[in-house]
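K.L.:
My structure is below; once you've seen it, I'll send some questions.
Read the figures in this text as sums done on the coordinates, not as results from a lab. These figures come from a predicted structure and were not determined experimentally. Every residue, glycine among them, receives a Cβ derived from its backbone with ideal geometry; neighbour counts consider all protein chains shown.
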Amino acid sequence: MARRLRSIPPTIFSEMSALAVRTGSLNLGQGFPDQDGPPAVVEAAVRALRSGRNQYPPGLGVPELREAVAAHQARHYGIELDPLTEVVITAGATEAIAAAVLALVNPGDEMVVLEPFYDSYVACVEMAGGVRRPVTLRPPGFRLDPDALRAAVTPRTTTLLLNSPHNPTGTTLTREELQLVADVAIEHDLVVVTDEVYEHLVYDGRTHVPLCTLPGMWDRTVSISSAGKTFSFTGWKVGWVTGPADLVQTVTAAKQWLTFSNAAPLQPAVAYALTQEAAFYDALAKDLQTKRDLLVAGLRDLDVDVYPPEATYFVTTDVRRYGHRDGLAFCLALPERAGVVAIPEQVFFDDQDAGRHLVRWAFCKDAAVLEDAVARLQAADLHA
Ligand SMILES: Cc1ncc(COP(=O)(O)O)c(C=O)c1O
């Protein structure tokens, strides 16, 4: 195996999902919804398949999807995009992140990343030969610490990768926190890559603010999102990059050699979803908020500290009160003891002391599954 891959562990999600299948456990590990997205969008994909849209789409994505992404950005955020030059379609946000990192990070360059990280960030920065500089979000609030952000930037820092709404903590950065990021980026002349895949899954009346809309940020921000979370089609892997033409072109320079293009019949279906099914994600966010409350209430009856999220699919807990040395041991024992799978967050941290005791639970599941999981957890002895 090439050296650049040796230090990257296999993704925890494969391991824990396999454990769920092997033990017949309820899988509150990997973040995929139990319910598919709108049936009319599936029908649009079927129509595309049947009408011969099965060959390579353009490398930048099919025109109607690029236009639909541009219209979505205008409608929600007032961002005016040229669909010909300022939008590129990718194989999920995952490819967009990989392409952005490969296109922007030279060997030895430092990239500032919020910790805990979404695990593909670590792998991509390693593969690019870059160095990640974590800024840790700490419980109970998981807020962005201005001093920690400033301290993470060095003369070798060239980029910042910002995930808000944030997986796994569910933090949605406030306008003040975003302004802080903008100030640091402008002061140090950094390019910022934003991962906004949970942009519509925000709760309690919050709204998502794209960093690129802050003064001075448009020219230096690469914005990433995808259809997976917004429309509950996580397996479709249709994502997009938006931003100024020069940065989109730079990211495309890497993207064209990764997949070139993908998901020919799904791209028109996602275009249909973006233009016709906006009500879906509003209803989804309301439904997920109820499910968050259900899981949070259930977890609060256990011997754990619970940190309710502002957004996303996930709630974080601290399992120390059960006497476990770490969350990994807790999660490995959980299927046998309770028939439930959760994710140890320490795998998303460089700072092991900060993450050792944290465990992530997904609530993007049927209410009956969540109720069953809570009943199982409450009936089990989870002490070390
Ligand atoms: C923060 C974050 N970014 C990116 C992704 C991947 O998105 P996609 O499925 O569109 O590749 C996920 C999926 O869990 C995620 O949580």
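K.L.:
Report, in deg cm²/dmol and to the nearest 500, the calculated mean residue ellipticity at 222 nm for the chain, where each DSSP H run with n ≥ 4 adds -39500 (n - 2.57) and the sum is divided by the residue count.
P.N.:
My calculation for the chain gives -13000 deg cm²/dmol from helical runs alone.
K.L.:
Next question, about the same structure. Given axes a ≥ b ≥ c from the Cα gyration tensor, I'd like to know whether the chain is rounded (a/c under 1.5), prolate (a/b larger than b/c) or oblate. Spell out each step's value before the answer.
P.N.:
On the way: a/c = 1.64, a/b = 1.23, b/c = 1.33.
Cα axes put the chain in the oblate bin.
K.L.:
Can you count the Lys pairs in the chain with C-alpha separation below 24 Å, eight or more apart or on different chains?
P.N.:
The result is 10.
K.L.:
Counting other beta carbons within 10 Å of each Cβ, put D189, D36 in order, fewest first.
P.N.:
The fewest-first ordering by Cβ neighbours comes to D189, D36.
K.L.:
Would you mind getting me the FRET efficiency between A278 and D204? Use the beta-carbon distance for r and R0 = 25 Å, nearest 0.05.
P.N.:
0.80
K.L.:
Another question, then. Would you mind computing, in nm to one decimal, how far apart the modelled labels at L49 and T154 are, each placed 7 Å from Cα along Cα→Cβ?
P.N.:
The answer from the label model is 5.1 nm.
K.L.:
For labels at L84 and T174 in the simple 7 Å Cα→Cβ model, what's the distance in nm?
P.N.:
4.4 nm
K.L.:
While we're on this one: What is the fewest-to-most order of K291, K365, K286, K229 by other Cβ atoms lying within 10 Å of their Cβ?
P.N.:
With the fewest neighbours first, K291, K365, K286, K229 line up as K286, K291, K365, K229.
K.L.:
With the Cα gyration tensor of region 1-93 giving a ≥ b ≥ c as the square roots of its eigenvalues, does the rule (a/c under 1.5 for rounded; else a/b larger than b/c for prolate; else oblate) give rounded, prolate or oblate? Mind showing how you got there, number by number?
P.N.:
Numbers: a/c = 1.98, a/b = 1.55, b/c = 1.28.
Because a/c hits 1.5 or more and a/b exceeds b/c, region 1-93 counts as prolate.
K.L.:
Mind running the shape call on region 175-323? Use the C-alpha gyration tensor, a ≥ b ≥ c as the square roots of the eigenvalues: rounded below 1.5 for a/c, prolate if a/b tops b/c, oblate otherwise.
P.N.:
In terms of gyration-tensor shape, oblate.
K.L.:
Check every DSSP H run in the chain and write down those whose alpha carbon atoms cover 27 angstrom or more along the long axis and whose mean Kyte-Doolittle hydropathy is -0.5 or greater.
P.N.:
Values: long enough: 278-300 (33 Å, 0.08).
Qualifying helices, which must be both long enough and hydrophobic enough, are 278-300.
K.L.:
Provide S51, S225, S120 in ascending order of the number of other Cβ atoms located within 10 Å of each residue's Cβ, fewest first.
P.N.:
Ranked by crowding around the Cβ, least crowded first: S51, S120, S225.
K.L.:
Continuing with this model, one more query. Which trypsin sites (Lys or Arg not before Pro) in region 71-178 sit in a loop by DSSP (not H, G, I, E or B) and have at most 16 other Cβ atoms within 10 Å of their own Cβ?
P.N.:
Sparse-neighbourhood loop trypsin sites (Lys or Arg not before Pro): R156.
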